[in-house]
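*Asks:* Below you'll find the structure I mean.
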Amino acid sequence: MKKIDMRVLGIESSCDETAAAVVENGRVIQSSVIASQVDLHAQFGGVYPELASREHVKAINATVKEALQQAHMGLGDLDGIAVTRGPGLAGSLVVGVNLAKGLALSTDLPIVGVNHLEGHLYSAWLYQAGSKPSPEPKLPLLALLVSGGHTELVLMRDHLQYEVLGGTSDDAAGEAFDKVARLLELGYPGGPSIQKAAMQGNSRAFNFPVARLSEPWSFSFSGLKTAVLRTVEEFKSAHKTVPTADIAASFQAAVVRALFEKTIAAAREFKAREIIVAGGVSANKALREAFRSQTEFRVHIPHISLCTDNAAMIAAAGYRHFIADETSNLDFDVQANWSLAETA
Ligand code: KG4
Ligand code: ZN
């Protein structure tokens, strides 16, 4: 096994955030810088791929420089470079991967291409330098991964071992939040705007259905989305004001219930010691509260700033690869579609 004490530079550009971070030993955040394109894409109601790549090109050098500066380090202080290889928008991924390769070439540092989803999982290990260390997650773990593109239950029996128990048969949880927000004419991105509207609403106003599937560990949110659409249309055709806050609160409660119940059931079934909830949707207050209010399992949910896309999580996952002696050759390609199951 290689060096255990490592400072890793993480680089992330898979979607609409250009990010760089320096993380020590897979856990301690020395710096984490995110240049967000959210405002730019908000006018299109979603991420506009070509624009995203161009924005990454413009922002990435300054973002990496800033991350090194905030960590009070130069390239010579680093022990490795981790970069998101996929999944994501190919044109965006290329920008981060090429910069990472250029840095590796000029410094002779080892490089590793990381799966963005394993990055989300390893965000549960992170804490800020100078603050109290967060408890380290204990394996075997059951992870609920809920982002804009993925909703998966993952069993981690060991580091870098991902058994995907089930995914979504249609929309991802974050995607459902985004689509329902559009239906309710709330802002983009949908998760935070639904959460905000829901605070003024009654979560029991509407009893939206959560699909029961034959596969025990899979999710489906399209029926729920259709139920919201029908409700909105009924109010509109009756020329009544759409009760946006009540619908948002009831929709959010239905999603949280589905995610929470299946995760706990899977953790019991597979005898997990602890649970991780990660990915953009894990920033959701109601979801966090649902997991915090049970006492059967210790649940690790990253700090809100680490739930959505960042590069500290990529550095954290990269560290695990480095200490397992796994590095990438400089000719590796991006992988726009790359499941966790293929990564393990
Ligand atoms: O992990 P992430 O930043 O990007 C992907 O890898 O997809 O996740 C973005 C998703 C979006 O769908 C966004 O609406 C959702 O996470 N999200 C939330 C919240 N904050 C972000 N969903 C529910 N509640 C939130 N507070
Ligand atoms: Zn993500």
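*Asks:* Surrounded by 17 or more Cβ atoms within 10 Å (Cβ to Cβ), assigned to a loop (DSSP other than H, G, I, E, B), more than 16 Å from ligand 1 (Cβ to nearest atom) and of a type outside the set (A, V, I, L, M): which single residue out of Pro137, Pro133 fits that description? Steps first, answer last, please.
*Replies:* Details: Pro133 fails: surrounded by 17 or more Cβ atoms within 10 Å (Cβ to Cβ).
When all the criteria are applied, what remains is Pro137.
*Asks:* Here's something else I'd like to know. In segment 1-49, what residues are out of contact with any strand residue (DSSP E or B) (no Cβ under 9 Å at 6 or more places or on another chain), under 30 Å from Arg182 (Cα atoms) and surrounded by fewer than 24 Cβ atoms within 10 Å (Cβ to Cβ)?
*Replies:* Within segment 1-49, Asp39, Leu40, His41, Ala42, Gln43, Phe44, Gly45, Gly46, Val47, Tyr48, Pro49 meet the criteria.
*Asks:* Still on this structure, I have one more. Could you look through segment 270-299, keep only residues that are without any contact (Cβ under 8 Å) to a residue 12 or more places away in the chain and in a helix (DSSP H, G or I), and pick out the one that is nearest to ligand 1 (Cβ to nearest atom)?
*Replies:* Taking segment 270-299 as the starting set, the residues that turn out to be without any contact (Cβ under 8 Å) to a residue 12 or more places away in the chain are 289, 292-293, 295.
Now restrict to residues that are in a helix (DSSP H, G or I): 289, 292.
Details: Glu289: 12, Arg292: 15 Å.
Selected residue: Glu289.
*Asks:* Out of the residues in segment 151-170 that are in contact with an Asp or Glu (Cβ under 9 Å, 6 or more places away or on another chain) and in a loop (DSSP other than H, G, I, E, B), which is farthest from ligand 2 (Cβ to nearest atom)? Before you say what the answer is, go through the steps one by one.
*Replies:* So the first thing to find is which residues in segment 151-170 are in contact with an Asp or Glu (Cβ under 9 Å, 6 or more places away or on another chain), and the list is 151, 154-157, 160, 162, 164-169.
Imposing the further condition that a residue be in a loop (DSSP other than H, G, I, E, B) reduces the set to 157, 160, 162, 167, 169.
On the way: Arg157: 23, Leu160: 18, Tyr162: 15, Gly167: 15, Ser169: 20 Å.
By that ranking, first place goes to Arg157.
*Asks:* Can you confirm whether His159 is surrounded by 24 or more Cβ atoms within 10 Å (Cβ to Cβ) and either in the same structural domain as Ser14 (by TED's automatic domain parsing) or farther than 23 Å from Cys15 by Cβ (or both)? Please lay out each step first, then the result.
*Replies:* Numbers: surrounded by 24 or more Cβ atoms within 10 Å (Cβ to Cβ): no; either in the same structural domain as Ser14 (by TED's automatic domain parsing) or farther than 23 Å from Cys15 by Cβ (or both): yes.
So His159 fails the test.
*Asks:* Only residues in segment 183-210 that are free of Cβ contacts under 8 Å to residues at least 24 places away in the same chain count as the first member; pair them with residues that are more than 16 Å from ligand 2 (Cβ to nearest atom) and in a loop (DSSP other than H, G, I, E, B), Cβ under 9 angstrom, at least 6 apart or cross-chain, and list the lot.
*Replies:* Gly190/Leu184; Ser193/Leu184; Ser193/Leu186; Ser193/Gly187; Lys196/Leu186; Lys196/Gly187
Matching residues to (1) closer than 10 Å to Ala315 by Cα; (2) among the acidic types (Asp, Glu); (3) away from ligand 1 (no atom under 16 Å from the Cβ); (4) touching a residue at least 24 places away in the same chain (Cβ under 8 Å):
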residue: Ile4; (1), (2), (3), (4): no, no, yes, yes
residue: Arg7; (1), (2), (3), (4): yes, no, yes, yes
residue: Ile11; (1), (2), (3), (4): yes, no, no, yes
residue: Thr18; (1), (2), (3), (4): no, no, no, yes
residue: Ala21; (1), (2), (3), (4): yes, no, no, yes
residue: Glu24; (1), (2), (3), (4): yes, yes, yes, yes
residue: Ile34; (1), (2), (3), (4): no, no, no, yes
residue: Gln37; (1), (2), (3), (4): no, no, no, no
residue: Gly45; (1), (2), (3), (4): no, no, no, yes
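*Asks:* Sort out which residues of segment 50-77 are surrounded by 19 or more Cβ atoms within 10 Å (Cβ to Cβ) and either closer than 23 Å to Val334 by Cβ or touching a Pro at 6+ places or on another chain (Cβ under 7 Å) (or both), and write them in order of number. It would help to see each step written out before you state the result.
*Replies:* Of all residues in segment 50-77, those surrounded by 19 or more Cβ atoms within 10 Å (Cβ to Cβ) come to 52, 55-56, 59-60, 63-64, 67-68, 71.
Result: Ala52, Glu55, His56, Ala59, Ile60, Thr63, Val64, Ala67.
*Asks:* So Val228 clears everything in (1) free of Cβ contacts under 8 Å to residues at least 40 places away in the same chain; (2) within 16 Å of ligand 1 (Cβ to nearest atom); (3) over 20 Å from the mean Cα position of the chain (by Cα) except one condition, right? Which one?
*Replies:* Tallying (1) free of Cβ contacts under 8 Å to residues at least 40 places away in the same chain; (2) within 16 Å of ligand 1 (Cβ to nearest atom); (3) over 20 Å from the mean Cα position of the chain (by Cα), Val228 fails exactly one: (1).
The values are calculated or read from the model by the stated rules, or taken from the named source; none is laboratory data. Worth saying up front: this structure is predicted, and the values here are computed from it rather than measured. Using ideal geometry, Cβ is built from the backbone for each residue, glycine included, and neighbour counts are taken over all protein chains shown.
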